[in-house]
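The values are calculated or read from the model by the stated rules, or taken from the named source; none is laboratory data. Keep in mind the model is a prediction, meaning the values are calculated, not measured. Here the Cβ positions follow ideal geometry from the backbone for every residue, glycine too, while neighbour counts run over all protein chains shown. We work out accessible area using only protein heavy atoms, side chains counted, and drop any ligands, DNA or RNA first. Shrake-Rupley method; radii C 1.70, N 1.55, O 1.52, S 1.80 Å.
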Amino acid sequence: MDQEKLYALLAREMAGELTEKEAAALEQLLQQYPDASYIREVFAQNWAPAGKAYAPTQVEQLLEKHQQRMQSLPAATLYEEAPQKGRRWLLYSGIAAGFLLLFALGGYWRYTQRAKTTPVLSQLVTDKRMRSQVLLPDGTRVWLNAGSKLDYPQQFAAHQPREVTLEGEAFFVVTADAERPFRVHTKAFNVRVLGTSFNVRAYPQEDSAVASLVQGSVEVVLNDASSQVVSLKPNEKLTVPVHPQTAPTTENTAALTTPIIVYKTKLTTLRDSIIPETAWVQNKLAFKHLQLDKVVKMLEQWYGVEINFSDDRKKQLYFTGVFESESLEEVLNALETTLSFSWHKDAEGKIWIN
């Protein structure tokens, strides 16, 4: 609304009808929208000469020359004279052209304002078997795990939240900035933080998303109808089901989504104080009391392979382990020593768990 008022006051100023009160309001708006001064300057430069270039006698002379040129044209192109109306037409068309210029410049100005507020995004993508890290414009450091994608602005806006979007897994060490809280958006939840270090795992193909806090404090906001907010303290993690179950439907009832049940637990360590949720940042593959089907997903991301089950009952087995430089075959052989499953590679190179 202020911009429309600004344009109206500029038009009145150009027409010489601006009151003292309106002049004060115009100056205040120009301070609020400094880029509009460009419109004012260009408009003034093109408007002022239009009223001062010709004296009344010069206007009469120009009109007489114009009439002479018209009389020299073939009869078919002659028009009836209307000197007084013609002058008014010249005046009104000049004013209309001025307003057209003003609104055109105003449209350009509003376009540039929107362009300034729309951040230019960068994207970091890691394939399977790859891990990467990036330093964000605010000094926040991000480690990106295999098969992940991070979208972030090339510059964070002043006095606005610092927002990034994650698909996959990443570990963040956030630079503290009380005026610009840091936010991580995923499909399952959003994480709000001022300055801390935490891990987010939210792969689209997995049935749950996990936020793990190492230092500081964060709030996790669920992306469901409840918008439930869960606060985490250091060494806590929150597990959120990604695909909530729906209640059975009948002919007279629609499908009802049951409330999401989240799980907040403590982070636990393995040997050498290794935290399974963040061990990947140190190029270690670690898991504790984890179902085999989830371990397989980690192996697929870590080694860039596809692993299949010939016996789905094996998916419910639980395993604990820490690996660093071992090959995939060495990892599978180590897990196989529990005698709870066997594995083989078929003629096409596919890996099967039996």
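Things to note:
- Residue count, region 139-158 (criterion: over 24 Å from Val242 (Cβ atoms), over 16 Å from the mean Cα position of the chain (by Cα) and open to solvent by 10 Å² or more (accessible area, probe 1.4 Å)): 2
- Members of region 269-278 that are more than 11 Å from Ser212 (Cβ to Cβ) and touching a strand residue (DSSP E or B) at 6+ places or on another chain (Cβ under 7 Å): Leu270, Arg271, Ile274
- Among the residues of region 297-320, those identified as free of Cβ contacts under 8 Å to residues at least 60 places away in the same chain and out of contact with any helix residue (DSSP H, G or I) (no Cβ under 8 Å at 6 or more places or on another chain) are Met298, Asn308, Ser310, Asp311, Asp312, Arg313, Thr320.
- Whenever a residue of region 144-163 is closer than 25 Å to Glu277 by Cβ and assigned to a loop (DSSP other than H, G, I, E, B), its partners that are of a type in the set (Gly, Ala, Ser) and open to solvent by 30 Å² or more (accessible area, probe 1.4 Å), lying with C-beta atoms within less than 9 angstrom and at least six residues away or across chains, give the pairs Asn145/Ser132; Ala146/Gly304; Gly147/Gly304.
- Here Arg201 does not qualify as charged (D, E, K, R) and under 18 Å from Arg162 (Cβ atoms).
- Residue in region 219-226 that is within 24 Å of Leu135 (Cβ to Cβ), open to solvent by 10 Å² or more (accessible area, probe 1.4 Å), without any contact (Cβ under 8 Å) to a residue 40 or more places away in the chain and out of contact with any helix residue (DSSP H, G or I) (no Cβ under 9 Å at 6 or more places or on another chain) present: no
- Among the residues making up region 201-227, those that are hydroxyl-bearing (Ser, Thr, Tyr) and part of a strand (DSSP E or B) are Ser208, Ser212.
- Count of region 245-277 residues which are at pLDDT below 60, within 21 Å of Ala188 (Cβ to Cβ), open to solvent by 90 Å² or more (accessible area, probe 1.4 Å) and assigned to a loop (DSSP other than H, G, I, E, B): 2
- The lone criterion from (1) outside any strand (DSSP E or B); (2) among the aliphatic types (A, V, I, L, M); (3) more than 21 Å from Leu136 (Cα to Cα) left unmet by Val230 is number (1).
- Among the residues of region 172-185, those identified as in contact with a strand residue (DSSP E or B) (Cβ under 6 Å, 6 or more places away or on another chain), touching a residue at least 24 places away in the same chain (Cβ under 8 Å) and of a type outside the set (Lys, Arg) are Phe172, Val173, Val174, Phe182.
- Unique residue being under 17 Å from the mean Cα position of the chain (by Cα) and touching a residue at least 24 places away in the same chain (Cβ under 8 Å) when the list is Ala188, Ala209: Ala188
- Scan region 295-308 for residues that are more than 18 Å from Glu167 (Cβ to Cβ) and buried (at least 16 other Cβ atoms within 10 Å of the Cβ) and the total you get is 6.
- For region 121-138, a residue qualifies if it is open to solvent by less than 20 Å² (accessible area, probe 1.4 Å) and assigned to a loop (DSSP other than H, G, I, E, B), and exactly one does: Leu136.
- Failed item, numbered, when Lys315 is tested on (1) assigned to a helix (DSSP H, G or I); (2) buried (at least 17 other Cβ atoms within 10 Å of the Cβ): (2)
- Selection over region 186-203 of residues that are open to solvent by 20 Å² or more (accessible area, probe 1.4 Å) and within 19 Å of Ser132 (Cα to Cα) gives a count of 1.
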